[in-house]
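Q: Can you read through this structure? Questions will come right after.
The values are calculated or read from the model by the stated rules, or taken from the named source; none is laboratory data. Predicted, not measured: the structure shown is a model, and the values here were computed from it. Please note: Cβ atoms are built from the backbone with ideal geometry, for glycine as well, and neighbour counts cover all protein chains shown. Side chains are part of the model used for accessible areas, which takes the heavy atoms of the whole protein and leaves out ligands, DNA and RNA. Shrake-Rupley method; radii C 1.70, N 1.55, O 1.52, S 1.80 Å.
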Amino acid sequence: MTATEPREKLVGQAIKRREDPRLVRGQGRYMDDIVLPGMAHVKILRSPLAHARIRNVDTARAAEAPGVLGVYTGADFADVNALPYAWQAAGVDNHVNTPRILAVDEVHWVGDPIAVVVAETPQQAADARDLIDLDLEALPAVVDAEATTHNGAPQLHENALNNIAFEWDCGDEAGVEGAIGDAAVRISQRIRNQRLIATPIETRGAIGQYDAGTDEYTFWLSSQAPHVHRLVMAAFVLGHPEEKIRVIAPDMGGAFGSKIFMYTEYPLVGLLAKQLGRPVKWIEEREEHALATAQGRDHVTDLDIAAEQDGTITGLRVTTWANLGAYLSTAAGGIPTTLYGRMVAGVYKIPNIHCKVYGTYTNTALVDAYRGAGRPEAAYVIERVVDLVAAELGMDPADVRRKNFIPTEAFPYDTGIGMLPYDSGDYPAALDKALDLIGYSDLRQQQADARANGKYLGIGFSSYVEVCGIAPTAWVTSEGWGAGLWESANVRVQLTGKVVVTTGSMPHGQGHETTFAQMVSDGLGVPYDDIIVEYGDTAGTPFGYGTYGSRSLAVGGTAIVQSVEKIRDKITKIAAHMLEVNEDEVDIDAGTAFVKGAPDRNVSFGDIAATAAVGAGLPEGVEPFLDATTYFDPPNCTFPFGTHIAVVEVEEDTGNVEIKRYVAIDDVGNVINPLIVDGQVHGGIVQGIGQALWEHGVYDDGGQLLSSTLMDYGIPKASWLPMMELDRTVTTTDVNPMGAKGAGEAGTIASTPAIVNAVMDALSPVGIKHLDMPLSAPRVWTAMQEAKEN
């Protein structure tokens, strides 16, 4: 290829993930693959009761067991700070209670850590754990998000009256009251968004190592945000200098948000390593994951809807009790407020909205971000609202959506409930494309024919919008977050011409090594295979806030693009000097810098890199080496959107729901790698379907988790799902130079209401308007029998 032959651009191409070969061959390095010399192993004794007073913890027998190096209780760590609460509900009092390293005096959920055993092997530690004798005085427990606020309910914490951690609201309460009073149509409905357990294929883990000679800690953590974990341990938990803490995040077998937060086990392994003078490892057991890792969703919501006879929604009152669990997790306050309450308008222009959220304590595991984090809960609310209005008026749900959509010409659009302005959108285009792909007119006729033959066929819609690229510092700090959320990247060119990209983002399945290399290859005109993408080690990457909220591309990717631009500018200066021309006469492509109009006058990228690295012969004022770092703080978030349509059939004799078709039209802006986006959407859809039909973290009234194993917690199987029919519209954003919006959570946000709305449509002939998730076969069958009897 000569300098006159443009190199084929990689951005937009469906390139297979470069990460996959080593992972599928078993050559990845996950937490449990890490073995250090002299490493000891940890097992944690957790409370078997949901609420109890600790009378005594007798560790004598455990301490004498074979291989045991130490047994510790809460008293041994009483001087260690409790974990921080980083994202508070903004503008209101937060009655804060956070976990301690090990419980002291009381336990508040089944899974609350009470004691820890360190032994030579995991098996010895587990055996010794069974020898610890607990004397617990059982106390009354409460598990329901709303019931916990009632007078007489068991009180978890003295500083939170009626177990309310905070009361928060947004919108126009008086406006909603007026709209409901004036409405031709009024609808009220209670809905539940049930608790979910993250269940990544790899559970959490932590290794701590302490060097007494340098007073330095090294941690290996299951972490979506290693720099944040280092900062939090340094500043809030251990009180140790940040520069003397290193955090390494190895390959990660999934996370779905559950590995963002600070957990007690992380500083614990460091403290134990310092105490024993040996590295210490903890790997979470599968059932332990269900008990101890932060969970998701768990809302009880009352809806009051005002509408006109033509389907125009004029008012919406949302009152939500958000279950936060026994203590406040790292970001617990922001999820049901900023990311949920401020998004309940969805894609609709509703003039009067008010959302009230009670964040409540219960005797259950902590609740925090789970894939989508507030946005799925908001989408479920507003998409059920639209279908309830359509059912009440006997209208086509597609028509009700279209009537209430935010007009395309209205962007950027302010919903009036405190969210940043939606950047761009064309909601009718996504709906139209979905209707065309599914063949909507014919499908409704097929439904009529099926019903005439006694079959229960349903069609469900979900038109969604989500807030992504969570970052603008001025905004997130005003919303209660205790820091910035900008992102970082360093790009450097080695003497050989190879390019190394280090990012503060932290992949765990998103394909960063592939997409970031595609972007850098296009930006610098260098071969894709000459680019290395590094991450996950605080000693070797610039400070970054990590990966969540579909922010890696929109925020972290922009930092890379801007660093590439800085490198490109420097290359242009050096090349112009070497070619003895002005800078504006130089172009870069295909691994060379050349003179415009005279491509034979060129210099290779490797020669430029060598000149820059050596430092001799550089133009005046240009520093040696090609190296640039960027910290990018965007002006706004991004707002992907789309329409999904599900077709289901409900079996009358069993209540089983079979998904016949699933169409998804998503608009994530410009796409870097279509193959990776499709994979993200596929996975997200399946997770959302899992919530709609099968998944449920169930606690009994005494606080025992009844779904703590995969025999009881319904993870979807591939055989239960149809082939997904995916397509896209493209509406770009000006928030970042790529015009990209984010794709990691879209499927999860859209699919849950699409499936539920489809099942409700299928059941409408027997008069069922709403059922709470999961829509399991027994639940659906029972509802059908009761409806027929009535």
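Q: Using the alpha carbons of the stretch 215-350, what is the convex hull volume per residue in cubic angstrom, as a whole number?
A: So the per-residue hull volume is 154 Å³.
Q: Shifting gears a bit: Give the calculated FRET efficiency between LYS349 and ALA450 to the nearest 0.05, with a Förster radius of 56 Å applied to their Cβ-Cβ distance.
A: Efficiency for this residue pair is about 0.95.
Q: Follow-up question, since we're still on this one. What are the radius of gyration and Dmax of the stretch 52-130, computed over its Cα atoms and given in Å?
A: Rg, Dmax (Cα atoms, Å): 15.9, 54.
Q: Putting +1 on Lys and Arg Cβ atoms and -1 on Asp and Glu Cβ atoms, find which of VAL228, SER188, PHE166 reaches farthest to the positive end of the dipole of the stretch 120-246.
A: Checked the options; the winner is SER188.
Q: Compactness ratio of the stretch 16-98: Cα Rg over 2.2 N^0.38 Å, N = residue count?
A: 1.77
Q: Kindly provide the pair-distance distribution of the stretch 365-464 built from C-alpha pairs, with 5 Å bins from 0 and whole-percent values in order of increasing distance.
A: Once binned at 5 Å, the Cα pair distances of the stretch 365-464 give 2, 10, 15, 20, 20, 13, 8, 6, 4, 1.
Q: In addition: I need the calculated FRET efficiency for the pair ALA14 and THR629, taking r as the beta carbon distance and R₀ as 30 Å, to the nearest 0.05.
A: 0.45
Q: Just how many % of Cα pairs in the stretch 473-528 lie over 13 Å apart, if you round to the nearest whole percent?
A: Of all Cα-Cα distances in the stretch 473-528, 69 percent exceed 13 Å.
Q: Here is a further query. Name the residue from SER521, PHE543, LEU495 whose Cα lies farthest towards the positive end of the charge dipole of the stretch 493-553, charges +1 on Cβ of Lys and Arg and -1 on Cβ of Asp and Glu.
A: After comparing all options, I get PHE543.
Q: While we're looking at this one, here's another question. Could you quote the convex hull projected area for the stretch 141-264, Cα atoms only and averaged over all directions, in nm²?
A: 13.1 nm²
Q: Mind putting together the pair-distance distribution for the stretch 174-241? All Cα pairs, 10 Å bins, whole percent per bin, short to long.
A: Using 10 Å bins, I get a P(r) of 14, 26, 15, 11, 16, 12, 5, 1 for the stretch 174-241.
Q: Rank-order 99-106, 157-164, 481-488 by packing density, defined as the average count of other C-beta atoms within 10 Å over each peptide's residues, highest first.
A: Put in order of decreasing packing, that is 481-488, 99-106, 157-164.
Q: Right, another one. If you average over every viewing direction, what projected area does the convex hull of the Cα atoms of the stretch 561-674 give, in nm²?
A: The orientation-averaged projected area of the Cα hull of the stretch 561-674 comes to 13.1 nm².
Q: Can you tell me the length gained on complete extension of the stretch LEU36 to LEU495, counting 0.36 nm per residue apart and subtracting the Cα distance?
A: 161.9 nm
Q: In whole percent, how big is the carbon plus sulfur part of the accessible area of the chain, probe 1.4 Å, protein atoms only?
A: 49 percent
Q: Obtain the radius of gyration and the Kirkwood radius of the stretch 706-772 from its C-alpha atoms and give Rg over Rh.
A: 1.11
Q: Right, here's the next one. Quick one, can you get me the convex hull of the C-alpha atoms of the stretch 480-587 expressed as volume per residue in Å³?
A: 119 Å³
Q: Charges at C-beta only: +1 for Lys and Arg, -1 for Asp and Glu. How large is the resulting dipole of the chain about its Cα centre, in Debye rounded to 20?
A: Roughly 700 debye for the chain.
Q: What is the sum of charges, Lys and Arg at +1 and Asp and Glu at -1, for the other residues whose Cβ falls under 12 Å from the Cβ of TRP486?
A: -1
Q: Still on this structure, I have one more. Counting Lys and Arg as +1 and Asp and Glu as -1, each charge on the Cβ, what is the dipole of the stretch 75-160 about the Cα centre in debye, to the nearest 20?
A: 300 debye
Q: While we're here: Given H placed 1.01 Å from N in the peptide plane, which residues other than close sequence neighbours of VAL465 have an amide H under 5 Å from its amide H?
A: Amide H neighbours of VAL465: VAL347.
Q: Using DSSP to call loops (not H, G, I, E or B), can you name the trypsin sites (Lys or Arg not before Pro) in the stretch 708-790 whose Cβ has at most 11 other Cβ atoms within 10 angstrom?
A: For trypsin sites (Lys or Arg not before Pro) across the stretch 708-790 that sit outside H, G, I, E and B with at most 11 neighbouring Cβ atoms in 10 Å, the list reads LYS717.
Q: Provide the solvent-accessible area of LYS566, counting protein heavy atoms only and rolling a 1.4 Å probe, rounded to the nearest 10 Å².
A: 100 Å²
Q: So for the stretch 657-790, Kirkwood radius off the Cα pairs, Stokes-Einstein at 4 °C and 1.567 mPa s: how many µm² s⁻¹?
A: Approximately 77 µm²/s, per Stokes-Einstein.
Q: Principal axis lengths of the chain from Cα atoms, whole Å, largest first?
A: 89, 73, 48
Q: Also, quick follow-up: Compute the signed sum of charges (Lys and Arg +1, Asp and Glu -1) over the other residues within less than 10 Å, Cβ to Cβ, of SER424.
A: Summing Lys and Arg as +1 and Asp and Glu as -1 gives -3.
Q: Moving on. Which value in Å is the Kirkwood Rh of the stretch 307-350 over different Cα pairs?
A: 12.7 Å
Q: Specify which residue in the list VAL42, LEU10, PRO84 is farthest towards the positive end of the charge dipole of the stretch 1-85, using unit charges on the beta carbon of Lys, Arg (+1) and Asp, Glu (-1), about the Cα centre.
A: Looking along the dipole axis, the top candidate is LEU10.
Q: Separate question: Using the structure shown, list the pairs from LYS660/LYS717; LYS717/LYS769; LYS455/LYS788; LYS403/LYS455; LYS349/LYS769 with a Cα-Cα distance above 21 Å, or answer none.
A: LYS717/LYS769; LYS403/LYS455; LYS349/LYS769
Q: Now, a different point. Express in nm, to one decimal, how much length is gained between ASP79 and GLU534 on full extension, taking 0.36 nm for each residue of separation and deducting their alpha carbon distance.
A: Stretched out fully, the ASP79 to GLU534 stretch lengthens by 160.1 nm.
Q: Now a separate question. What is the sum of charges, Lys and Arg at +1 and Asp and Glu at -1, for the other residues whose Cβ falls under 14 Å from the Cβ of LYS566?
A: The answer is 0.
Q: Mind ranking 28-39, 354-365, 429-440, 630-641 by how tightly packed they are, going by the mean number of other C-beta atoms within 10 angstrom, highest first?
A: In decreasing order of mean packing, 28-39, 354-365, 429-440, 630-641 become 354-365, 630-641, 429-440, 28-39.
Q: Right, here's the next one. With +1 on each Lys and Arg Cβ and -1 on each Asp and Glu Cβ, how big is the dipole of the stretch 596-726 about its Cα centre, in debye rounded to the nearest 20?
A: Here the size comes out at about 560 debye.
Q: Across the stretch 395-451, what fraction of all alpha-carbon pairs, as a whole percent, falls in each successive 10 Å bin from zero upward?
A: 20, 39, 25, 12, 4
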